[in-house]
Amino acid sequence: MEIYRRNYQEGIYSSSMLLKMAFIEEGIGDNEKATIYLSKYYDLSPNSQAITKIKSLTGQDLLVGYEVSDSQRFLIFIVEYKEYIVGVLSIFLLISVISNWWTGRKIDKQESYWPTVLLIIVIFGANNFLEGPRTGLITSSPTYIVSRPTAGGELIEMVEPGHRVRIKSSKDTWFEIEWKEKRAYIKKENVTRL
């Protein structure tokens, strides 16, 4: 299990490894870690069986944050295969540069450079700005979701562990999150980042 944990912390994991880790943690009796691994598994391959198991581990019927739209699935796919996509685009960039160099010696045309410039911009953007949604799993009980990042913020909802939140930003000891399509705040100590 230690090898699995070390690999997980280094970001080297697969869907099957996360399922094995969740199964082992559940067998040990650590439902919190099992829920974390299942939630991360759900990030990689969203399916209803993972949600059903998380519900049974947390003892809740209604969990928030596990809805995945088609655009979110597409983003997850793109982020998961980002290295391959950038590699293929780099090969096209190399072909474009060679083609421009080869034809540029014969003809001086400006319009033949736009594919090269476009590929450079797309590769730069994919490498520097393409990342998946930052999510977290509520792990403390009870957890207060409030309207402002202060202890005096209006209570929006008190929740139990197992809910997922999309983390928008971090402010001192608070995460700004999206909760039921609204902006809210939650203490960092109550959330485990996935």
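Just so you know, all these numbers are worked out from the coordinates, no wet-lab data involved. Since this is a predicted model, take the numbers as computed values, not measurements. Neighbour counts are summed over all protein chains in view; Cβ atoms, including those assigned to glycine, are modelled from backbone coordinates with ideal geometry.
Quick check on the exposure proxy: order F175, F74 from fewest to most C-beta atoms within 10 angstrom. Don't skip to the end; give the middle numbers.
Details: F175 22, F74 10.
Ranked by crowding around the Cβ, least crowded first: F74, F175.
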**Request:** Per DSSP H run of at least 4 residues, take -39500 (n - 2.57); add these up for the chain, divide by its residues and hand me the 222 nm value, nearest 500 deg cm²/dmol.
**Result:** -16000 deg cm²/dmol
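If the viscosity is 0.692 mPa s and the temperature 37 °C, what Stokes-Einstein diffusion coefficient in µm²/s follows for the range 1-55 when Rh is the Kirkwood radius over Cα pairs?
Details: Rh = 11.0 Å.
Using the Kirkwood radius from Cα pairs, D works out to 298 µm²/s.
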**Prompt:** Can you list the aspartates and glutamates whose alpha carbon is less than 20 Å from that of K187, not counting same-chain residues fewer than 8 positions off?
**Reply:** E32, E154, E157, E160, D172, E176, E178
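Could you calculate the contour length gain from D172 to D70, that is, 0.36 nm times the residue separation minus the distance between their Cα atoms, to one decimal place in nm?
Details: separation 102, 0.36 × 102 = 36.72 nm, distance 3.33 nm.
Additional length available on full extension: 33.4 nm.
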**Prompt:** Which entry in (1) 14.4; (2) 11.6; (3) 12.8 matches mean projected area of the Cα convex hull in nm² derived from the coordinates of this structure?
**Reply:** (1)
**Complete:** Output for the range 1-111 (equivalent-ellipsoid semi-axes, sqrt of 5λ from the C-alpha gyration tensor, Å, descending) is 45, 17, 7
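In the chain, which helices (entire DSSP H runs) extend 30 Å or more along their own long axis, judged by Cα positions, while averaging at least 0.5 on the Kyte-Doolittle scale? Show your work: numbers first, answer last.
Details: long enough: 82-104 (32 Å, 1.17).
Span-like helices in the chain: 82-104.
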**Request:** Express the relative contact order of the chain as a whole percentage, based on alpha carbon pairs under 8 Å and six or more residues apart in sequence.
**Result:** 18
**Prompt:** If eta is 0.890 mPa s and T is 25 °C, what Stokes-Einstein diffusion coefficient results for the range 134-194, Kirkwood Rh from Cα pairs, in µm²/s?
**Reply:** 223
**Message:** With unit charges on the beta carbons (Lys and Arg positive, Asp and Glu negative) and the dipole taken about the Cα centre of the chain, which residue among L18, S96, I54 sits farthest to the positive side?
**Reply:** S96
